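What follows is one structure encoded as structure tokens, with my remarks underneath.
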Amino acid sequence: MKIDCTNIQSPGLLVFPDIVKENIAYVLNLVNGDPNRLRPHIKTHKTKEVNDLLLAVGIKKFKCATIAEAELLALSIAPSILLSMQPTGPNIERLATLVQTYPKSEFACLIDDFHAAQVISQVFLKLGLTIQVFIDINVGMNRTGIVPAKTEALIHQIIKLPAIALRGLHAYDGHIRDLDLDERKAHVQRDFIEFKALVQSISPEYPDLELCVGGTPSFLVHHQNPAYVCSPGTFVFFDAGYSTLYPEDSLKPALYIISRIVSKPSKTTICLDLGHKSVAAENNIDNRVRFIDHPEFKLLSQSEEHGIVEVPNSELYEIGQEFYMIPYHVCPTLALHANLQVIENEIFTGIWEVKARNRKINI
């Protein structure tokens, strides 16, 4: 790699807009160029610039995890914004404030509990507003959602509530990550049997519900069903964790970590400015980064600001020398950084602020 690193900070993240555009084009192509079949999740990138790239190709529907991410989308005047969370506490009023403040965007949220829906209804009714909702369906991840067998009863309850309008069903299957694509397809088929039966049962009464399903791993399965609106997120930047789940000629890493040698403690180790505060430490030490030009390098340990790396011979490298890595899990890694350093034609051209890294922008 021949990037001019003179003005590039480390530890830091490098983003390659041309690759981001290629990844967006790849996903759009799999839904036959129909942007209405996509509702990308922006939790991975949290940047206005990527939102704008997605809007530029005609994508109008988006998903997000926080109020800040929802507001970031509204700042780009995204037409349809789904908060992929059942709001509670002050976040209900914050969501209502978003509805009031950004009338050019249409907001929705998830629901999986009648009591929670009642509280949301009361807040919006008091303000003279209406909020669209998606019923969150548990298809096997067992994190949030109501099981399909109980969903119809919940629907009949919530449609009687004022200030709430049923918009669709939501089914996230982040637990489906089979390495073999045929096995992944079979896994999706098994876990969506009851979901499909639910859809068939309620379709006569609710024929126009949006079916928002899946994430990046299962997108390779769900895109084949024209009834589904697919919701991948990681695809824009991609990462080492998902690289084994996609064909080699498909998605490409569009975000690198840059780090420099700050010390050489032994003949077989170097110390990089690569600590817990620069890369997600949720996984075991061997599943945090992948060195791009040096697959033989092995991350041994990390503290807050330092990373010890095993190398064949530390004398081959100089203090201050740069190295590039692909994060194993890009989403929490990106949230550790205030900005992304933009690389175009191997030259640093500016920064993208990670505006939704914090839990609040304005509201």
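The values are calculated or read from the model by the stated rules, or taken from the named source; none is laboratory data. Everything quoted here is computed from the prediction, not taken from an experiment. So basically every Cβ, Gly included, is an ideal-geometry build from the backbone, and we count neighbours across all protein chains shown. Keep in mind that these areas ignore ligands, DNA and RNA; they rest on the heavy atoms of the full protein, side chains included. Shrake-Rupley method; radii C 1.70, N 1.55, O 1.52, S 1.80 Å.
Things to note:
- Residue that is farthest from Gln118 (Cα to Cα) [pool: residues in the range 55-79 that are without any contact (Cβ under 8 Å) to a residue 60 or more places away in the chain, open to solvent by 10 Å² or more (accessible area, probe 1.4 Å) and not in a helix (DSSP H, G or I)]: Val57
- If you go through the range 308-362 and keep only what is part of a loop (DSSP other than H, G, I, E, B), within 30 Å of Leu95 (Cα to Cα), open to solvent by less than 60 Å² (accessible area, probe 1.4 Å) and free of Cβ contacts under 8 Å to residues at least 60 places away in the same chain, you end up with just Ala338.
- Residue within the range 285-293 that is in a strand (DSSP E or B), of a type in the set (D, E, K, R), within 23 Å of Pro265 (Cβ to Cβ) and modelled with pLDDT of 95 or more present: yes
- The combined condition, being surrounded by fewer than 16 Cβ atoms within 10 Å (Cβ to Cβ), closer than 13 Å to Leu274 by Cβ and out of contact with any Phe, Trp or Tyr (no Cβ under 9 Å at 6 or more places or on another chain), is fulfilled by Glu305.
- Count of the range 125-164 residues which are open to solvent by 40 Å² or more (accessible area, probe 1.4 Å), in contact (Cβ under 8 Å) with a residue 12 or more places away in the chain, more than 30 Å from Ala186 (Cα to Cα) and aliphatic (A, V, I, L, M): 2
- Of Val57, Val123, Val119, Val99, all but one fail to be under 23 Å from Pro232 (Cα atoms) and at pLDDT 95 or above; the exception is Val57.
- Leu28 meets all of the listed conditions (1) open to solvent by 10 Å² or more (accessible area, probe 1.4 Å); (2) in contact with a helix residue (DSSP H, G or I) (Cβ under 8 Å, 6 or more places away or on another chain); (3) under 21 Å from Leu336 (Cα atoms) but one, namely (3).
- Failed criterion for Lys46 (all others in (1) buried (at least 20 other Cβ atoms within 10 Å of the Cβ); (2) over 17 Å from the mean Cα position of the chain (by Cα); (3) in a loop (DSSP other than H, G, I, E, B) hold): (2)
- The lone exception for Met85 - which of (1) assigned to a loop (DSSP other than H, G, I, E, B); (2) buried (at least 22 other Cβ atoms within 10 Å of the Cβ) it fails: (2)
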